[in-house]
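The values are calculated or read from the model by the stated rules, or taken from the named source; none is laboratory data. Being a predicted model, the structure only gives us computed values, none of them experimental. Neighbour counts run over all protein chains shown; Cβ positions are idealised from the backbone, glycine included.
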Amino acid sequence: MPELPELQAHAERLTKEFGGLGLAGFRPMTFTALKTVVPAPETLVGRPLDEVERVGKYLMIRFGDDRFVIHLMQGGRLVSDAKQSAKPRGGLARWTFDDGTALLLTEMAKEKRAGVWVVAGDPVDQAPLAGLGPDALDISEQALTEALRDYKSMRVHGFLRDQRAIAGIGRRLSSEVCWRAKISPFASTHKLTAEEIQRLHAAIHACIDEALAFERGRDTMSSSAERPGSVYKRAGEACPVCGDTIRAVEYNAYTVNYCPTCQTGGKVLADNTTSKFLK
Ligand SMILES: [Zn+2]
């Protein structure tokens, strides 16, 4: 699933490609692609595209004060649509522009979960953005401290992935951030010291900056296998810092990777291996 860096760089690319073009039409291609009824998408037709923005793991196509808000979920993509075929594979919705170009939302998954919301005015307190935590891209140390203290007590890895606690980080970055901060992914958020929070804050920005630089150097959004990293999906390899073996704790929906020497005082955490056999 794309996370903040991939989506941020993609939003910037789309602004470059489609910025200034007038919206000629919007067409949902499935019954569930469009999640809102009011305002009608047609009310945005005729306006120029100002910018493609990103908040958390959402993309927003802004026309004046109103926006199409898009969530790609696991396999969704928002791409330039040169063919404009009548029934594109995985097609969920299409935006056409006055110069004849188009944007296509696709999702290559059996169960379609990606979607589009039309939102009038400030989107922050409206569905689907309402309730998101502070955005990880520019979160201050103070805001991170407050988010950690005010949110329910949980494991750091879970906190980082929880969009209501902090927005934009997913499975890959949460393992990378914990490793870079030298904090156990299973440390309790309410027990972190000020010094550990400082390290966590620095690690969030270092990991995002690195991934964003990689992503900005590309013409298209990377696949998860292409993204650089030090620990995520690298179980069995040597830790780039200390040489210890990177370990994994597997869950049904995701994997936590960590280095025992760097993060858990050498302790190897119980691997939930039964889930491996269910896959
Ligand atoms: Zn290490």
Worksheet item: How many residues are among the small types (Gly, Ala, Ser), away from the ligand (no atom under 13 Å from the Cβ) and either touching a residue at least 60 places away in the same chain (Cβ under 8 Å) or not in a helix (DSSP H, G or I) (or both) when one looks only at segment 257-275?
Response: 1
Discussion item. Which numbered condition in (1) crowded, with 18+ Cβ neighbours inside 10 Å; (2) closer than 20 Å to residue 9 by Cβ; (3) of a type in the set (D, E, K, R) is the only one that residue 94 fails?
Written reply: (2)
Worksheet entry | Residue, modelled with the lowest pLDDT, within segment 200-232, restricted to residues that are within 16 Å of the ligand (Cβ to nearest atom) and assigned to a loop (DSSP other than H, G, I, E, B) | 229
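State all residues of segment 234-256 that are assigned to a loop (DSSP other than H, G, I, E, B) and either over 23 Å from residue 200 (Cα atoms) or at pLDDT below 95 (or both); if no residue qualifies, say none.
Filtering segment 234-256 for residues assigned to a loop (DSSP other than H, G, I, E, B) gives 234-237, 239-244, 246, 251-254.
Within segment 234-256, 236, 237, 251, 252, 253, 254 meet the criteria.
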Worksheet item: Would you call residue 197 hydrophobic (A, V, I, L, M, F, W, C), within 29 Å of residue 78 (Cβ to Cβ) and part of a helix (DSSP H, G or I)?
Response: no
Worksheet item: Give me the pairs: first residue in segment 240-256 and within 8 Å of the ligand (Cβ to nearest atom), second residue among the hydroxyl-bearing types (Ser, Thr, Tyr), beta-carbon distance under 7 Å, and six or more apart or on different chains, which are they?
Response: 240/230; 242/261; 244/261
Worksheet entry | Within segment 1-119, strands (runs of 3 or more DSSP E) holding 3 or more residues that are more than 30 Å from residue 211 (Cα to Cα) and touching a residue at least 12 places away in the same chain (Cβ under 8 Å) | 23-28
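Scan segment 191-198 and give yes if some residue there is acidic (Asp, Glu) and without any contact (Cβ under 8 Å) to a residue 40 or more places away in the chain, otherwise no.
yes
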